[in-house]
Structures are given as structure tokens and as C-alpha cells.
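For reference, the structure discussed in these notes is given below.
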Amino acid sequence: METEVNEAVRKYTWEDYYNRDDEERFELIDGVIYMMATPAQAHQEVVGELYYQLMSYLRGKSCKAFVAPFGVRLNYDAGDNTILEPDIFVVCDKTKLDGKSCKGAPDLVVEVLSPSTSKKDRTIKFNKYMQAGVPELWTVDPADKTVTVHILKDGEYTTRGYDDTESVPVRVLEGCIINLPEVFADVNVV
């Protein structure tokens, strides 16, 4: 289960995130630690298939896809102490990659929802991505077998939903189509 560590006095920095001694996974949002639980099987199956389809499309192209755990510092140049670990993200500007993280907004972020992360993914992280200017954000719900695509326009997201019978165009990757029947095939949410 994902939990917020409530420490009234201590706020953490991105340096703390990178210099920790343990291997526990967490995200840092405005200096507050959010521990991350081990994902369920359905979550991993969906992430794996989405990543596979994106990687297949990107082979030989300049953009790169990444899968968690790999940190994204959305507003690194503003001293923001937020490091998120999207399930999948795509970066087309390789100058944003420093070997440890992505510095700045990725071109595409995919968050696969889990019962323990759904609220944070749909609110706190959603707003962080929008404020940072992430052009395309997907929220994927394995339980409902749906994908909600958010496209940034004039600083706000416009939204369209898709179900497990459809294919979804990736707007930031011209010609890339994700086949949702393959993404959700044999996914069994327990």
C-alpha cells in the first residue's frame, strides 16, 4: 500500500532522493515522501504490453521510452523537490536525460492505476503533469480495461476515454497506434 510519510518538520530534497542508502521505492512530491507498494500482476501485465508496443514503434527512432523505476524531475530548473516515477514515459529531447533521471516534462506519461495509487495518480500527479506541461498523459485502469487520454491545450487537459475494444493514437508520436485489445488480453484483476 502506498502511504505518505507524515513528518511535520522535515521536507526532503531531490538530493535526498538520489543519495538514499536503502532500496525502497518512493516518489517525492513537494518534499513529501510517498512510499510505493509492489505492483500487482494485472498492473505489470498492462505496463509490459504498453511498453512493448511503444518500444516496437520507437525502434530506430529518436524518441526513447522508459519504464519505472526511473525518476522524472518535472521542474528541476525551478528547485522543485518533486521526483515522480511514471509507469512509462517517452522523451524525444535527449538533452533532458542525465543518466539518473529525466529533467523536465516528458512528451508522454502513462500511469497505470492501482487501488493504492489511483487517488494520487488522478489528482496530485495529474496536476503536477499538467502544470509542468506534459503534452500527453494517459491514465490506464486495468480493472475497468480503459484508457483515458489527456491532451494539453492552453494549459489544461482535454480528455477522451477508450475501452478494451479500441486502438489509441499516440498524438505526440505520429503514426503510433496502441492496440488496447492486446494490452488488456488475459488481464485478470484480482
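The values are calculated or read from the model by the stated rules, or taken from the named source; none is laboratory data. Remember, predicted model here, so these are calculated numbers, not experimental data. When we count neighbours, we look across all protein chains shown, and the Cβ atoms used for this are built from the backbone with ideal geometry, even at glycine.
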**Asked** Is it the case that some residue within segment 1-9 is within 16 Å of the chain's Cα centre (by Cα) and either among the basic types (K, R) or modelled with pLDDT of 95 or more (or both)?
**Response** no
**Complete:** Those residues of segment 51-66 which are among the charged types (D, E, K, R) and crowded, with 16+ Cβ neighbours inside 10 Å amount to K64
**Asked** Failed condition for N127, given (1) out of contact with any strand residue (DSSP E or B) (no Cβ under 7 Å at 6 or more places or on another chain); (2) at positive phi; (3) not basic (K, R), with all others met?
**Response** (2)
**Item:** Unique residue being among the small types (G, A, S), at positive phi and surrounded by fewer than 21 Cβ atoms within 10 Å (Cβ to Cβ) when the list is G48, G79
**Value:** G79
**Request:** Considering only residues that are small (G, A, S) and in contact (Cβ under 8 Å) with a residue 60 or more places away in the chain, look in segment 104-131 and name the one that is surrounded by the most Cβ atoms within 10 Å (Cβ to Cβ).
**Result:** S114
**Item:** Criterion violated by S101 - all others in (1) modelled with pLDDT of 95 or more; (2) surrounded by fewer than 21 Cβ atoms within 10 Å (Cβ to Cβ); (3) over 17 Å from V47 (Cα atoms) satisfied
**Value:** (1)
**Request:** Look through segment 132-168, keep the residues that are touching a residue at least 60 places away in the same chain (Cβ under 8 Å) and more than 14 Å from the chain's Cα centre (by Cα), and return whichever of them is nearest to P86 (Cα to Cα).
**Result:** P142
**Item:** Residue identified as touching a residue at least 12 places away in the same chain (Cβ under 8 Å), in a loop (DSSP other than H, G, I, E, B), surrounded by 14 or more Cβ atoms within 10 Å (Cβ to Cβ) and on the phi < 0 side of the Ramachandran plot among P39, P69
**Value:** P39
**Request:** Scan segment 155-186 residue by residue and report those that are closer than 14 Å to V110 by Cα, of a type outside the set (K, R) and in a loop (DSSP other than H, G, I, E, B).
**Result:** V170, V172, L173
**Asked** Taking segment 73-96 as the search range and keeping residues that are outside any helix (DSSP H, G or I) and at pLDDT 95 or above, which one is farthest from D144 (Cα to Cα)?
**Response** D93
